[in-house]
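J.: First the structure, then my questions, so here it is.
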Amino acid sequence: MALKKTATTKHGFEATDAYHRVEGVRLETKTKITFQLRLYKSQSSEVAFADEFFSCDYDLMGENPIKQAYQYLRTLPEFTGAFDC
(Lines give C-alpha, C1' and ligand atoms only; values in the text may rest on other atoms or scores of the structure.)
Protein backbone atom coordinates (compact mmCIF):
# COMPACT_ATOMS: atom_id res chain seq x y z
CA MET A 1 0.00 0.00 0.00
CA ALA A 2 1.24 3.47 -0.88
CA LEU A 3 0.19 6.72 -2.50
CA LYS A 4 1.46 8.05 -5.79
CA LYS A 5 1.62 11.74 -6.65
CA THR A 6 4.08 14.31 -7.90
CA ALA A 7 6.31 15.63 -5.14
CA THR A 8 8.65 18.60 -4.92
CA THR A 9 11.23 18.76 -2.14
CA LYS A 10 12.20 21.93 -0.31
CA HIS A 11 15.35 21.94 -2.46
CA GLY A 12 13.33 22.02 -5.69
CA PHE A 13 13.75 18.39 -6.76
CA GLU A 14 10.54 17.24 -8.47
CA ALA A 15 9.55 13.62 -8.93
CA THR A 16 6.53 12.90 -11.09
CA ASP A 17 4.35 10.11 -9.68
CA ALA A 18 6.58 9.71 -6.62
CA TYR A 19 5.88 6.69 -4.41
CA HIS A 20 4.81 7.78 -0.88
CA ARG A 21 5.10 4.96 1.65
CA VAL A 22 4.14 4.99 5.35
CA GLU A 23 6.90 3.55 7.52
CA GLY A 24 7.92 3.58 11.17
CA VAL A 25 4.44 3.66 12.67
CA ARG A 26 4.51 4.14 16.45
CA LEU A 27 1.64 3.96 18.87
CA GLU A 28 2.21 7.02 21.06
CA THR A 29 -0.89 6.53 23.21
CA LYS A 30 -4.02 4.43 22.92
CA THR A 31 -5.48 7.14 20.71
CA LYS A 32 -2.50 8.63 18.82
CA ILE A 33 0.02 7.32 16.29
CA THR A 34 3.06 8.93 14.69
CA PHE A 35 4.58 7.79 11.43
CA GLN A 36 7.16 8.60 8.82
CA LEU A 37 6.18 9.13 5.20
CA ARG A 38 9.10 8.25 2.93
CA LEU A 39 9.15 9.45 -0.66
CA TYR A 40 10.71 7.35 -3.40
CA LYS A 41 11.21 8.15 -7.09
CA SER A 42 9.38 4.91 -7.95
CA GLN A 43 8.08 1.77 -6.29
CA SER A 44 11.28 -0.07 -7.21
CA SER A 45 13.60 2.59 -5.75
CA GLU A 46 15.54 1.48 -2.69
CA VAL A 47 16.55 4.91 -1.38
CA ALA A 48 14.09 7.58 -0.28
CA PHE A 49 14.71 11.14 -1.46
CA ALA A 50 12.62 12.81 1.28
CA ASP A 51 10.93 12.11 4.61
CA GLU A 52 8.02 13.72 6.40
CA PHE A 53 6.63 12.99 9.86
CA PHE A 54 2.95 13.01 10.86
CA SER A 55 0.77 12.35 13.89
CA CYS A 56 -2.89 11.47 13.86
CA ASP A 57 -5.66 10.01 15.97
CA TYR A 58 -5.80 6.23 16.24
CA ASP A 59 -8.85 4.04 16.80
CA LEU A 60 -7.98 0.80 18.61
CA MET A 61 -11.17 -0.78 17.24
CA GLY A 62 -10.54 0.44 13.69
CA GLU A 63 -8.33 -0.70 10.82
CA ASN A 64 -4.67 -1.50 11.36
CA PRO A 65 -2.41 1.50 12.17
CA ILE A 66 -0.83 1.65 8.71
CA LYS A 67 -4.20 1.76 6.99
CA GLN A 68 -5.34 4.46 9.43
CA ALA A 69 -2.20 6.46 8.59
CA TYR A 70 -3.06 6.36 4.87
CA GLN A 71 -6.67 7.27 5.62
CA TYR A 72 -5.42 10.30 7.55
CA LEU A 73 -3.11 11.38 4.71
CA ARG A 74 -6.04 11.24 2.27
CA THR A 75 -7.78 13.92 4.39
CA LEU A 76 -4.94 16.42 3.89
CA PRO A 77 -5.17 18.97 1.05
CA GLU A 78 -1.67 18.11 -0.23
CA PHE A 79 -2.83 14.56 -0.99
CA THR A 80 -5.90 15.53 -3.01
CA GLY A 81 -5.61 13.67 -6.29
CA ALA A 82 -3.08 11.13 -5.01
CA PHE A 83 -3.52 7.61 -6.37
CA ASP A 84 -3.54 4.43 -4.29
CA CYS A 85 -0.96 1.90 -5.37
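J.: Looking at the calculated P(r) for the chain, what percent of the C-alpha pair distances fall above 22 Å?
T.: Counting pairs separated by more than 22 Å, the tail of P(r) holds 24 percent.
J.: Something else now. Amide H of Ala48: which non-local residues (sequence gap of 5 or more, or other chain) have their own amide H closer than 5 Å, using H built in the peptide plane?
T.: Under 5 Å from the amide H of Ala48: no residue qualifies.
J.: Sticking with this structure for a sec: With every atom except the alpha carbons ignored, what do you get for Rg and Dmax of region 31-76, in angstroms?
T.: Cα-based Rg and Dmax for region 31-76 come out at 12.1, 34 Å.
J.: Tell me, what % of the accessible area of the chain is carbon and sulfur with a 1.4 angstrom probe?
T.: 51
J.: For the chain, with every protein chain kept in place, what is the accessible area per residue (1.4 Å probe, Å²)?
T.: Ligands and nucleic acids excluded, the result is 65 Å² per residue.
J.: Kindly write out, for region 26-38 in residue order, the coupling ³J(HN,Hα) from the Karplus curve 6.51 cos²θ - 1.76 cosθ + 1.60 (θ = phi - 60°), rounded to whole Hz, with x marking Gly and Pro.
T.: 10, 7, 7, 9, 5, 10, 9, 10, 10, 7, 9, 10, 9
The values are calculated or read from the model by the stated rules, or taken from the named source; none is laboratory data. From a predicted model like this one, the values you see are computed outputs, not experimental measurements. Note: accessible area is taken over every heavy atom of the protein model, side chains too, but ligands, DNA and RNA are not part of it. Shrake-Rupley method; radii C 1.70, N 1.55, O 1.52, S 1.80 Å.
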